[in-house]
Amino acid sequence: MQLGFLVDLHLCMGCKGCEIACKVENEVPLSTWRLRVKYVDVGAFPETKRTFTPLRCNHCENAPCERICPVSALHYIDNGIVNIDSERCIGCAGCVMACPYGAIYIDPETQTADKCTYCAHRVASSMMPACVVACPVEANIFGDLEDPTSNISMYIQDHRDVQVRKPEKGTNPHHFYVGASQVNLNPLASERVEGFSLFNKITHLPLGGHHE
Amino acid sequence: MIHESIAATQAVVTLDVPLPDIFWGWFVTMNMWAKSIGTGLVFMLFLLMKKNPDEMKGLRTPTLIVSFIMMNVFLLFTLADLHQPFRMWHIFFYPHWTSAITVGAWMATVFVGLESLMIVVMLRKDKCLLTKNSTGFFDKLLFWVTLLAIPVTLYTAGIMAEATARELWQMSTESVQMILAATLSGSAAMILLGGSKLSDKTRQFFGAILGLSALMAFIIYMSEYIFGGMKSEEVIAILSNIKGDGDYATMFWIGQWVAYILPMLLVALARVSNSSNLLNLASMLAIVGLWVIKHVWLVIPQLLSLS
Ligand code: SF4
Ligand code: SF4
């Protein structure tokens, strides 16, 4: 079994339902996110549009975070999920430096690394991840990539524009996007302009270690 | 080049909260800097043994003690940078061998253990139970410790290479830079430590190592600076922080001047004028400048948003 995710960006309307559901389900502390929906505004007024991209851990087949973790706190489980054992983590931030997608954060409460686990605990009880359940337009499709009859496999077969983030990194993500442009997937394809963010003053909770 | 399409799309991020930028900060700089001096001194002591063993007299123990102190500074800052320092023992009880962090931690521990043994052997000379010929034993161990110092110096480059998100750091260049940092700071520390115990000829020999290390490291940095961006858009974005009015441009050039350019010039002048003071000044500048340049190179890839 190889679990994977696909987000159909044609359907996503940026409501952030998945983001909130994830926060609640996994008790993600303030100022940290396992899943977040990125907004990028494209074009010049009046020809503007807003794009929405849910970003989470890609559960890479060749995961740099798993490789660099000195204590195997990050590890694969049988269904292909890259899981994390926060009791084992020493907080070296190696995984934060290795993940090319910025998917890992240091939890300010436990001082350990954390990230999206595809809700491994729910999956173990045959439930869908919280974000899948919360999405009002069923833009998040979750299932077994090794089963050709699963929803996700059929979606991949039926669509031509199936993409992953940063394929050049050789991580082989198990997280796909349909209907994405470079603006959605490539951080260098958009600018971050001071004062243009909808949240301008984000307070990060203090962390251990030294961040200067 | 995808970045060039921004003019057409005018794409601006209006909602995203990337990770707070710098995760490996100056504690990790201290780690790399102290380790360079620690292993570099061992390399230099070994060279001295091969070149002129008579001059090792009175230098074996002090050199090893300074190296040992620097290695402990390195370990201390490594530990202090962990978010869960009291779980450090996990590295020894749950080691994950694909991780350069694990391999490095084990090697560094063995290295420091061997250094302690060498120091004890020298300090307890007559009362040593291990050997009667403590100097001979020390010199034999020095060979193995020097061999071990090579991977201990290199493994940080392995960690940087495993940091897939940071395109700037490539194993080949970083490993050469690690060795050069060790020979640069090691020779500089040896010149300062050896003082009058070293003959003029030997000091000039270490001066030559210092000057050549500075030259080669400088060439590599300049190559990255000029050509680095020609094959990767991420590297262009990262290097923009040290070009033009980039936030780290001044610090980068201070580092290049203090660590490499000035020591190179001073070493050349010291050779011509046979001046000890110029060589000492070159050594001090190299040691200080190395910290600055290591810090800049550590921080700039972390300024790039990954999402
Ligand atoms: S996206 Fe990042 S955190 Fe997730 S598996 Fe890949 S490297 Fe690890
Ligand atoms: S921060 Fe924790 S999970 Fe990440 S690499 Fe270090 S020990 Fe592993």
Could you tell me what percent of the accessible area of the range B:25-303 is made up of carbon and sulfur, with a 1.4 Å probe and every protein chain present?
-> 70 percent
Rounded to the nearest 0.05, what FRET efficiency do A:PHE196 and A:GLU146 have when you use their Cβ-Cβ distance and R0 = 56 Å?
-> 0.85
In whole µm²/s, the translational diffusion coefficient that Stokes-Einstein assigns to the range B:131-260, given a Kirkwood hydrodynamic radius over C-alpha pairs, 37 °C and 0.692 mPa s, equals 192 µm²/s
How much of B:ILE65 can a 1.4 Å solvent probe reach, expressed as accessible area in Å² and rounded to 10?
-> 60 Å²
With θ set to phi - 60°, apply the Karplus curve 6.51 cos²θ - 1.76 cosθ + 1.60 along the range A:113-127 and write out the HN-Hα couplings as whole Hz, x wherever there is a Gly or Pro.
-> 6, 8, 5, 4, 10, 6, 6, 3, 5, 6, 4, 4, 9, 6, 9
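What does the net charge come to around B:PHE137 if you take all other residues with beta carbon closer than 15 Å to its beta carbon, with K and R at +1 and D and E at -1?
On the way: positive: B:ARG60, B:ARG124, B:LYS125, B:LYS127, B:LYS132, B:LYS140; negative: B:GLU115, B:ASP126, B:ASP139.
That works out to +3.
So, by mean Cβ neighbours within 10 angstrom, what's the order for B:69-80, A:39-50, A:177-188, B:133-144 with the highest one leading? Present the calculation step by step, with values, prior to reporting the outcome.
Working: B:69-80: 18.4, A:39-50: 13.2, A:177-188: 20.2, B:133-144: 15.7.
Those peptides, ordered most packed to least, come out A:177-188, B:69-80, B:133-144, A:39-50.
Under 15 Å from the Cβ of B:GLN177, count the other residues' Cβ atoms, weight Lys and Arg +1, Asp and Glu -1, and hand me the total.
Net charge in that neighbourhood comes out at +1.
Please compute, for peptide A:110-121, the average count of beta-carbon atoms on other protein chains lying within 10 Å of each residue's beta-carbon.
Values: counts 2, 5, 3, 2, 0, 0, 0, 0, 0, 0, 0, 0.
Partner Cβ neighbours, averaged per residue: 1.
Keeping every protein chain present and rolling a 1.4 Å probe, give me the accessible area per residue for chain A in Å². Intermediate values should be presented prior to the final figure.
Values: 9290 Å² over 212 residues.
Solvent-accessible surface per residue comes out at 44 Å².
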Largest first and in whole Å, give the semi-axes of the range A:132-212's equivalent ellipsoid, each being the square root of 5 times a Cα gyration tensor eigenvalue.
-> 32, 17, 16
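Hey, what's the Kirkwood Rh for the range A:151-196 if you take every pair of different alpha carbons, in angstrom? Intermediate results must be reported in sequence, preceding the final value.
Details: mean 1/r = 0.0813 Å⁻¹.
The Cα-based Kirkwood calculation yields 12.3 Å.
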The range A:3-189, accessible surface, carbon-and-sulfur percent (1.4 angstrom probe) = 52 percent
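At a probe of 1.4 Å, how much accessible area disappears from chains A and B on forming the pair, both sides counted, to the nearest 100 Å²? It would help to have the intermediate numbers written out before the result.
Values: alone 12040 and 15630 Å², together 22130 Å².
Adding both sides of the contact gives about 5500 Å².
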Hey, what do the phi angles of the range A:42-56 turn into as Karplus ³J(HN,Hα) couplings, whole Hz, using 6.51/-1.76/1.60 and θ = phi - 60°, x for Gly and Pro?
-> 10, x, 10, 3, x, 8, 10, 8, 10, 9, 10, 9, x, 10, 8
So, in Å, what gap is there between the alpha-carbon centers of the range B:229-298 and the range A:107-171?
-> 46 Å
Hydrodynamic radius by Kirkwood, which averages 1/r over all alpha carbon pairs of chain A, in angstrom = 18.0 Å
Show that you can apply the helix-only estimate: for the protein assembly as shown, add -39,500 (n - 2.57) for every DSSP H stretch of four or more residues, divide by all residues, and state [θ] at 222 nm to the nearest 500.
-> -15500 deg cm²/dmol
Would you mind calculating the gained length between B:SER305 and B:VAL272 on full extension (0.36 nm times residue separation, minus the Cα-Cα distance), in nm to one decimal?
-> 7.0 nm
Bins of 20 Å, starting at 0 and running to the largest distance - Cα pair percent for the protein assembly as shown | 21, 47, 24, 7, 0
For chain B, accessible area per residue (1.4 Å probe, heavy atoms of protein chains only), Å² | 42 Å²
Roughly how large, in nm² to one decimal, is the mean projection of the convex hull of the alpha-carbon atoms in the range B:1-49?
-> 6.8 nm²
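Averaged across B:98-104, how many Cβ atoms of other chains sit within 10 Å of each residue's Cβ atom?
Numbers: counts 6, 12, 4, 7, 6, 1, 1.
Partner Cβ neighbours, averaged per residue: 5.
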Using only Cα atoms, locate the centre of the range B:59-76 and the centre of the range B:143-190, then give the distance between them in Å, rounded to an integer.
-> 18 Å
How well do other chains shield peptide A:55-61, expressed as the mean number of their Cβ atoms within 10 Å of each residue Cβ?
-> 1
Once the convex hull of the C-alpha atoms of chain B is built, how many Å³ does it hold per residue, rounded to a whole number?
-> 140 Å³
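Taking R0 as 41 Å, what FRET efficiency do you get between A:VAL24 and B:ALA7 from their Cβ-Cβ distance, rounded to the nearest 0.05? Before the final figure, lay out each step's value.
On the way: r = 41 Å, r/R0 = 1.00.
Working from the Cβ atoms, E equals 0.50.
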Relative to a virtual label point 7 Å from the Cα of B:THR109 in the Cα→beta-carbon direction, which members of the range B:70-88 show backbone nitrogen distances below 19 Å?
-> B:71-88
Grab the alpha carbons of the range B:1-137, take their convex hull, and tell me the volume per residue in Å³.
-> 204 Å³
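The values are calculated or read from the model by the stated rules, or taken from the named source; none is laboratory data. On a predicted model such as this, the values are computed, not experimentally measured, just so you know. Cβ: placed from backbone, ideal geometry, glycine included. Neighbour counts: every protein chain shown. Ligands, DNA and RNA are stripped out before the accessible areas are found, and what is left, the full protein with its side chains, is counted by its heavy atoms. Shrake-Rupley method; radii C 1.70, N 1.55, O 1.52, S 1.80 Å.
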